[in-house]
1. So, B:Ala379, is that one more than 8 Å from every other protein chain (Cβ to nearest Cβ), of a type outside the set (S, T, N, Q) and touching a residue at least 60 places away in the same chain (Cβ under 8 Å) or not?
2. Which of the residues belonging to the stretch B:327-365 are outside any strand (DSSP E or B), without any contact (Cβ under 8 Å) to a residue 40 or more places away in the chain and at the interface with another protein chain (Cβ under 7 Å from one of its Cβ atoms)?
3. Among the candidates A:Arg110, A:Arg10, single out the residue that is within 14 Å of chain B (Cβ to nearest Cβ) and surrounded by 16 or more Cβ atoms within 10 Å (Cβ to Cβ).
4. Look through B:Ala314, B:Ala378 and report the one residue that is over 13 Å from B:Gly287 (Cα atoms), at pLDDT 95 or above and either crowded, with 23+ Cβ neighbours inside 10 Å or in the same structural domain as B:Trp209 (by TED's automatic domain parsing) (or both).
5. How about the stretch B:34-46: which of its residues are within 12 Å of another protein chain (Cβ to nearest Cβ) and either crowded, with 23+ Cβ neighbours inside 10 Å or out of contact with any helix residue (DSSP H, G or I) (no Cβ under 7 Å at 6 or more places or on another chain) (or both)?
6. Restricted to the stretch A:13-33, and to residues that are small (Gly, Ala, Ser) and under 15 Å from B:Glu46 (Cβ atoms), which residue is nearest to the other protein chains (Cβ to nearest Cβ)?
7. Give me a count of the residues in the stretch A:273-285 that are over 9 Å from the mean Cα position of the chain (by Cα) and under 17 Å from A:Val120 (Cα atoms).
8. May I ask you to list the residues in the stretch A:47-72 that are among the hydrophobic types (A, V, I, L, M, F, W, C) and surrounded by 19 or more Cβ atoms within 10 Å (Cβ to Cβ)?
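The values are calculated or read from the model by the stated rules, or taken from the named source; none is laboratory data. Remember, it's a predicted structure, so these values are computed and weren't measured experimentally. Glycine also receives a Cβ, built like all others from the backbone with ideal geometry; neighbour counts cover every protein chain displayed.
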There are 2 protein chains.
Amino acid sequence: MAAGENGIIRVGVIGGGQLARMMVPPAIHLGLRIGVLAESAGMSAERAADAVGDYRDPETVYAFAETVDVVTFDHEHVPQPILRELEARGVAVHPRPDALQYAQDKILMRQRLDALGVPVPAWAAVADERELQEFVEAHGGRAVVKTARGGYDGKGVRVVSRADEVRDWFTALAEDGRGGHLLVEELVDFTRELAQLVARRPSGETRAWPLVETVQRDGVCAEVIAPAPFDDPATADEAERIARAIAEGVGATGVLAVEMFETRDGRVLVNELAMRPHNSGHFSIEGSVTSQFEQHLRAVADLPLGDTAMTAPAAVMINVLGGPTEGPMPVRYAEALAAHPRAKVHSYDKLPRPGRKVGHVTVTGEDPAAVLAEARAAAALFD
Amino acid sequence: MAAGENGIIRVGVIGGGQLARMMVPPAIHLGLRIGVLAESAGMSAERAADAVGDYRDPETVYAFAETVDVVTFDHEHVPQPILRELEARGVAVHPRPDALQYAQDKILMRQRLDALGVPVPAWAAVADERELQEFVEAHGGRAVVKTARGGYDGKGVRVVSRADEVRDWFTALAEDGRGGHLLVEELVDFTRELAQLVARRPSGETRAWPLVETVQRDGVCAEVIAPAPFDDPATADEAERIARAIAEGVGATGVLAVEMFETRDGRVLVNELAMRPHNSGHFSIEGSVTSQFEQHLRAVADLPLGDTAMTAPAAVMINVLGGPTEGPMPVRYAEALAAHPRAKVHSYDKLPRPGRKVGHVTVTGEDPAAVLAEARAAAALFD
C-alpha cells in the first residue's frame, strides 16, 4: 500500500469535521489524494468532500471505499458491522475495527486496559441503579458515570452522588433492547490532565510526540501546553510507555490519543482514548516537525513516520469556542492578525454557536509563559 | 475587503500550477475560500480547481471573477486588457495591472527600475541586430539577450557574442506585427545569486523575509539557502531596502520576489522580478512563521501581514527536477521518508519529465551545513 496504483495513494476519510479538514493540507503537500465522505454539504472539510452521505448507511460507505486505497476516520462512529464488511471486501481500514472498538465502547476499553496492566481509575460496568449506588458508596459518595458509547466533549459524562441522577440513561439503555451497562469510575483527585499522542503504522513503527498538558473547561478542551511542564521527567517517560503499550496492545493504526490524569501522588491514570487526530495535538501543525495530521496520513497509508520533535521549545494552542457572534472567525481578522502577527490562526469555516469549536490559535516560541500569554490574547479577540 | 460578505473571503487564483496548489493549505487553515481557474483538468492545483478554462479568453476570466472577492495569480501571463477590464468592472485584482506590467515586460521593468534609482546591470532595448551588436561590443564582447515577454526558468534567455545568434527572435518580433525590442544586458560577473521576497498589502503594509541565496542550474532554481550566509550584514540590509523600494515604487500587492546578483565588489544588482509566490520562497512553508503562500493570501485580501521571522536558524530547500522515472514522487516514499524523517517532502502531483519541477524538499535546523547536507540527500532519493 505504500504506493497505490501508478504511484498515487488515495486516502478516504469518513466524516467531514475539522479533523478531516486539517488532513487536507498535508495531503496536498505530500501529493496524496484525499477524499472525504461528509455527513452533509457545507461541513468543515467541504474543500475535499467529494462525497456526501450517511456513514451509518452500508452502501454509501462501501461505494465511497471503492474510490480510495485506504479508509480512515474523522470520528469513531462508523458501526462495527460496516467496518468488518469493508475488511471482508478487502478494503484497507485504519484504525482496524478490532482496534477501533475500544475507542467506540468505553467499557470494552476499560476491560482491555485492565488486561494490558495499564493504570486506570477504579471502575465498574453497572446494569442498574442498585449496582451504581453500591459503587458510589464504596468510593467516597461521588463518582463519574459515562455512557459506554457516543460521548464526546463532556457529553455522556455526569458526576453523581446518587444513582437516580442517571435514571434517564438506564431507561434509555433498557429501551434500546440490547440491554447494556453504564460505566462508573472513581472521581480521581487529579492535579491536572495530560495527553500523550502516538502514531503507529500497520507494520508496527510507532512514534510519540512530547507529552502535553490539557486544560478543560466544562468538559471541553480549552488549552494545550506543549510540552507539559514537569519537575520530574519520569512522568513523561511513564506516559509515553503507557501510550505505546496501548497502541501495541490494541493494534492501533494512525494517531492514538491517550488522555490521562496526573494524580497528587505523581501517578498517571488513563482517562480516555481516541483513535484519530485529537484536539490535544493541534499544536503540532506548527509545533512539531511532523504534525499529527500528516503523521495520521502517513500511518494509515503505511508510509514511514516523520520526526515528532518540537520545532520550538514551547507551543500553546487555545481553542476558539463559540466564536464571534457576528460571523465566522475572519470577521475579526483585521483586528486580530494586526495585533498578533506571530499567532497562527485556524478557522474551521463554521458559523458561531455557544461552546462550538470553531477554530484555534497556536503560538510557538522560546519562553513558555510568553507563548501562553500571547496565544490567550490572540484567541480572546475571537470571543 | 478584509472580510467579504457574511465574513467569508473568497480568493480566486488564475493558473493551476504548483503555486496555486500551495496556496490551498493556508487558505484552509485561515478559513478563506479559494478557487482556482486552471488551464486544464489534472493540473497541480486540481484539488481547489473549481473552474477550468483559458486565461486568455476574456469571458472565461470575467465569469470566474464573479465567483470571488479578489483575483490573484499563479503566473504573470493574463493579458493586460483583460486585467484592466476586470478593474473597470469593479473586481479587486492583486497585483494590479499597473504593477503586474513590470513583471510581464522586462523592458518596461528595466525602465521603471532605472527611474526608481535601483541598481541594475547595464541594459538596452534593441530593435535589430545592428543595435545589439553595438551593445555586445561595448560590453566586452558577450551579453545576455532576453525576450521582453514570456520567459521563465531560463527560457527566453541566451548568452551571445554575436547578434545573429538571436536572429530567430528578431524575426519573430517582426512577424508579430507590433514590432518591439529585445532586452540586452551586460554579463554580470557575479559571485552568487540572491532573492529578496517582500509582501505588500493594498493599504501599504510591507514585510520582508530574510534574504536568501539561490543556486541555479541550467537557468532553473535548484537550491535555496535561508538565510543567505553573509560576512557583511550591510548587503542584506541593502537587498531589503531595494525590494521595499520596488514594491512601493511599482505599487506591488501580494508577494514580490526580487532576484539579484551579488557582484565581486559587494554590490547587489536586480536581475528579475516576479509578482507572486516564488520558488525562492518555498522554504518559508516550514522555515518562516508566515509562509509566502499564507502571506500572499493575506496581502491580496488586504488582511494584516504575518511575522516573517525564521522558525529555525537555517532552512534549505532543494527542488526535485524531473523526478523518479517510474512515476510521481510517492513511488519513492517508502525509501525516502524512512531515510529522512526530518525532511519535509512536497510533491506537486505531477508526472515525471526531464527538468520539470515536480516537487521540493525542505529541511530546517540549527546547523546550516548539516541542514544543507540532509536536504540534498533527501532530494537525491527522488532523482
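1. yes
2. B:Gly327, B:Pro328, B:Pro330, B:Val331, B:Tyr333, B:Ala334, B:Leu337, B:Ala338, B:Pro341, B:Arg342
3. Answer to the check: A:Arg10.
4. None of the other options fit; the residue is B:Ala378.
5. B:Ile34, B:Val36, B:Gly42, B:Ser44, B:Ala45, B:Glu46
6. A:Gly31
7. 0
8. Once the filter is applied, which keeps residues that are among the hydrophobic types (A, V, I, L, M, F, W, C) and surrounded by 19 or more Cβ atoms within 10 Å (Cβ to Cβ), the stretch A:47-72 yields A:Ala48, A:Ala49, A:Val61, A:Phe64, A:Ala65, A:Val68, A:Val70, A:Val71.
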